[in-house]
Amino acid sequence: MKLAVQTGDRYAKVDAPNIIWIVSKSLNIEGSVLHVNLVQEGATNRKITLSISALEDTSIYKKIEDKPQAG
């Protein structure tokens, strides 16, 4: 089963759309919901950890779909 959130996916917080967060890895914390680590695009020293459910909450985060490549 493919997870909805994959490494490399890009998200922006609804109230801060200019800051893009990139999923860097999944965390399987025993006895907890799935979490992911994210790094800020262009500022890899800024990192956050979120639950998948928070990231998929469209009132908080919006997935940035990759632009189709020309050619």
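Brief remarks follow.
- Within segment 23-38, at least one residue is open to solvent by less than 50 Å² (accessible area, probe 1.4 Å) and within 15 Å of Glu65 (Cβ to Cβ).
- The residue that is most open to solvent (accessible area, probe 1.4 Å), among those in segment 4-22 that are of a type in the set (A, V, I, L, M) and farther than 17 Å from Asp66 by Cβ, is Val14.
The values are calculated or read from the model by the stated rules, or taken from the named source; none is laboratory data. All values derive from a computational prediction rather than experimental measurement. Neighbour counts run over all protein chains shown; Cβ positions are idealised from the backbone, glycine included. Side chains are part of the model used for accessible areas, which takes the heavy atoms of the whole protein and leaves out ligands, DNA and RNA. Shrake-Rupley method; radii C 1.70, N 1.55, O 1.52, S 1.80 Å.
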